[in-house]
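For reference, the structure is listed below as structure tokens.
The values are calculated or read from the model by the stated rules, or taken from the named source; none is laboratory data. Computed from a prediction, not measured in an experiment: that's the story for all the values here. Cβ placement follows ideal geometry from the backbone for every residue including glycine, while neighbour counts extend to all protein chains displayed.
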Amino acid sequence: MQYEVRWPDGRSVGVDSTALQDAEWTPRGPGAWDVRMAGRNHRVLLLDGPDAQGHVTLRVDGVKWTGTVADDRMLLLERMGMSVEDGALDTELLAPMPGKVLSVEVEAGDEVAEGDALLILEAMKMENVLKASRSGKVLRVDAVAGNAVEKGAVLVTFADES
């Protein structure tokens, strides 16, 4: 799997997950590792994230780093002119691309946590599990299993908690 690490100053670095797997990772506690990579030792602490948009905060060898990790899915969406941050993600789940709703995992009134599966959308011959970008109560479900949807269609609406 390919990742792209993006730093707040605009720099970005491509990272192949096999390179990370080849490193020697020694757990030192929750969210803490000693990492031996390319002949060097590093202490890595996960301070926050990654969230649904890939934002993460790490402390590497005592230096705090905040950035974004874009995975294959995020990179594909960007190449298609979309983003995981597009649309009204706080209150609505929008179809990221045209497709067919294979199944709906929630109904109005359900409480969901960030990352919970909401529905499965088949697009470009792939099954895509669309997940909640936030915790909250499902207000309305417009998606119907078996129906086709267009890009940008409202699939699930969350109760506004403001």
Taking the condition free of Cβ contacts under 8 Å to residues at least 60 places away in the same chain and either loosely packed, with under 11 Cβ neighbours inside 10 Å or assigned by TED's automatic domain parsing to the domain that holds ARG134 (or both), does THR66 pass?
-> no
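One line per residue, one yes/no per condition, for (1) among the small types (Gly, Ala, Ser); (2) under 17 Å from MET74 (Cβ atoms); (3) modelled with pLDDT under 95; (4) in contact with a strand residue (DSSP E or B) (Cβ under 7 Å, 6 or more places away or on another chain):
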{"site": "THR91", "(1), (2), (3), (4)": "no, no, yes, yes"}
{"site": "ALA95", "(1), (2), (3), (4)": "yes, yes, yes, yes"}
{"site": "VAL101", "(1), (2), (3), (4)": "no, no, no, yes"}
{"site": "GLU105", "(1), (2), (3), (4)": "no, no, no, yes"}
{"site": "GLY115", "(1), (2), (3), (4)": "yes, yes, yes, yes"}
{"site": "ALA123", "(1), (2), (3), (4)": "yes, yes, yes, yes"}
{"site": "LYS131", "(1), (2), (3), (4)": "no, yes, yes, yes"}
{"site": "SER135", "(1), (2), (3), (4)": "yes, no, yes, yes"}
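Table: residues versus (1) in a strand (DSSP E or B); (2) under 30 Å from LEU130 (Cβ atoms); (3) assigned by TED's automatic domain parsing to the domain that holds SER133.
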residue: ASP9; (1), (2), (3): no, no, no
residue: ARG28; (1), (2), (3): yes, no, no
residue: ARG43; (1), (2), (3): yes, no, no
residue: LEU47; (1), (2), (3): yes, yes, no
residue: ASP51; (1), (2), (3): no, yes, no
residue: LEU58; (1), (2), (3): yes, yes, no
Subset of the range 76-88 (residues that are among the aliphatic types (A, V, I, L, M) and either at pLDDT 80 or above or surrounded by 14 or more Cβ atoms within 10 Å (Cβ to Cβ) (or both)) = LEU76, LEU77, MET82, VAL84
Based on what the data block shows, is ALA153 over 14 Å from the mean Cα position of the chain (by Cα), modelled with pLDDT of 85 or more and either among the small types (Gly, Ala, Ser) or under 16 Å from GLN53 (Cβ atoms) (or both)?
-> yes
Residues located in the range 14-47, provided they are closer than 21 Å to ALA70 by Cα and modelled with pLDDT of 80 or more = GLY14, ALA23, GLY31, VAL44, LEU45, LEU46, LEU47
Can you name the residue in the range 48-75 that is within 16 Å of SER12 (Cβ to Cβ) and among the hydroxyl-bearing types (Ser, Thr, Tyr) and is also modelled with the highest pLDDT among such residues?
-> THR66
Return the residue satisfying two criteria in turn: it lies in the range 17-59 and is farther than 28 Å from GLU114 by Cβ and under 23 Å from the mean Cα position of the chain (by Cα), and of such residues it is surrounded by the fewest Cβ atoms within 10 Å (Cβ to Cβ).
-> THR18
